[in-house]
Amino acid sequence: MTPTITAFERSPDGGKGLARDTRVRWALEEVGQPYEVRLVSFQAMKEPAHLALHPFGQIPTYEHGDLALFETGSIVLHIAEHHAGLLPRDANARARAISWMFAAVNTVEPPILELATARILESDKPWTRERLPLVMDRIRDRLKQLSAHLDDADWLDGTFSAGDLMMVSVLLRLRASGILDEFPGLSAYIARGEARPAYKRAFEAQLAVNTR
Ligand code: GTB
């Protein structure tokens, strides 16, 4: 049986790969699991059929047999736990890779989302001009710490894992901000992620949907 994921019928980013279905596509491509995609409109996401899969009316979701999941982190973890290739076999290394998955969505991504909120949803507010530098500094602090940890290693903890997949995906949202230019080590880390054949396939698949 083939899993089915959901994705935007048309992503607001026009195919830059920043919507979260790309992370799930990437994980499925890394492990060699074919998948189907059901495209949903913004309206359909808020209707009962989709809300039964995703209580917050968002994408992506993942359905496989009688299992339905939402939340990218949990979907990627599920894929990684059921296929070889995204989590180390050694129990401690595996636990550390999962820590990096949580760090990506729980520690590094929040200030990045604040930036998106400030730039897109709050750009007309009088206080946004003052707030933006503070948000940028919060991101900068996290990137400095992440960069120090990575140092000159290729990946966060030994071999490429679901932790790197999530972290690279989170960092990619910063590209347009220019802040990554201050962190050449992290830029190279992101480039290594993007160079993976599985990422390229995932990116091309979402691009094809968004440029039809
Ligand atoms: N925590 C959830 C997860 O990780 O799965 C968050 C899911 C989520 O934010 N989904 C977004 C969504 O469905 C799409 S990815 N939004 C519609 C809604 O809430 O009504 C977020 C996203 C959207 C657009 C861009 N972009 O255009 O650049 C980037 C990221």
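The values are calculated or read from the model by the stated rules, or taken from the named source; none is laboratory data. What you see is a predicted model, and the numbers here were worked out from it, not measured in a lab. Ideal geometry is used to build each Cβ from the backbone, glycine not excepted, and the neighbour counts take in all protein chains shown. Just so you know, the surface numbers come from the protein's heavy atoms only, side chains and all, with ligands and any DNA or RNA stripped out. Shrake-Rupley method; radii C 1.70, N 1.55, O 1.52, S 1.80 Å.
Which parts of the stretch 134-173 would a label at Arg192 reach, counting a residue when its backbone N lies under 14 Å from a point 7 Å out along Cα-to-Cβ?
Residues passing the 14 Å test: 147-169.
Among Tyr189, Ala97, Leu150, pick out the residue whose Cα is farthest towards the positive end of the charge dipole of the stretch 91-196, where Lys and Arg carry +1 and Asp and Glu carry -1 on C-beta, about the Cα centre.
Ala97
Using 0.36 nm per residue, how much length does the chain from Ala91 to Ala68 gain when fully extended, once their Cα-Cα distance is taken away?
5.6 nm
Would you mind getting the accessible area per residue of the chain, heavy atoms of the protein chains only, 1.4 Å probe, in Å²?
51
Please calculate the 1.4 Å probe accessible area of Asp141, with all protein chains present, and give it to the nearest 10 Å².
Rounded to the nearest 10, that gives 80 Å².
Taking a label point 7 Å from the Cα of Ser99 along the Cα→Cβ vector, which residues of the stretch 76-91 have an amide N closer than 17 Å to it?
Residues 87-91 fall inside that zone.
Could you work out [θ]222 nm for the chain from helices alone, using -39500 (n - 2.57) per DSSP H run of at least four and dividing by all its residues? Round to the nearest 500 deg cm²/dmol.
Details: 10 runs with 110 residues, N = 212.
Rounded to the nearest 500, it is -15500 deg cm²/dmol.
Whenever you get a sec, compute what percent of the accessible area on the chain sits on carbon and sulfur atoms (1.4 Å probe).
About 54 percent, which is the carbon plus sulfur part of the accessible surface.
Modelling each spin label as a point 7 Å along the Cα-to-Cβ direction, I'd like the Glu182/Arg131 distance in nm, to one decimal.
2.0
Among DSSP bridges having both ends in the chain, what percentage is antiparallel? Round to the nearest 5.
Within the chain, antiparallel bridges account for around 55 percent of the total.
Let me test this: with uniform point scatterers at the alpha carbons of the chain, what is the Debye-based log₁₀ I(q)/I(0) at q = 0.08, 0.16 1/Å?
The Debye formula, applied to the Cα set alone, gives -0.28, -1.14.
Could you tell me the calculated FRET efficiency between Leu207 and Glu81, based on Cβ-Cβ distance and R0 = 35 angstrom, to the nearest 0.05?
0.80
State the Cα centre-to-centre distance between the stretch 16-47 and the stretch 156-212 in whole Å.
16
Take Glu36 and Asp141, extend 7 Å from each Cα along the Cα→Cβ direction, and tell me the distance between the two endpoints in nm.
Between Glu36 and Asp141, the label points sit 4.7 nm apart.
With +1 on each Lys and Arg Cβ and -1 on each Asp and Glu Cβ, and nothing else charged, work out how big the dipole of the chain is about its Cα centre, in Debye to the nearest 20.
340
Residue by residue, what Karplus-based ³J(HN,Hα) values in Hz, rounded to whole numbers, does the stretch 123-135 have, using 6.51, -1.76 and 1.60 with θ = phi - 60° and x for Gly and Pro?
The phi angles translate into 5, 8, 7, x, 8, 5, 4, 6, 6, 3, x, 5, 5 Hz.
At 10 °C and 1.306 mPa s, grab the translational diffusion coefficient of the stretch 91-196 from Stokes-Einstein with a Kirkwood Rh over Cα pairs, rounded to a whole number in µm² per second.
111
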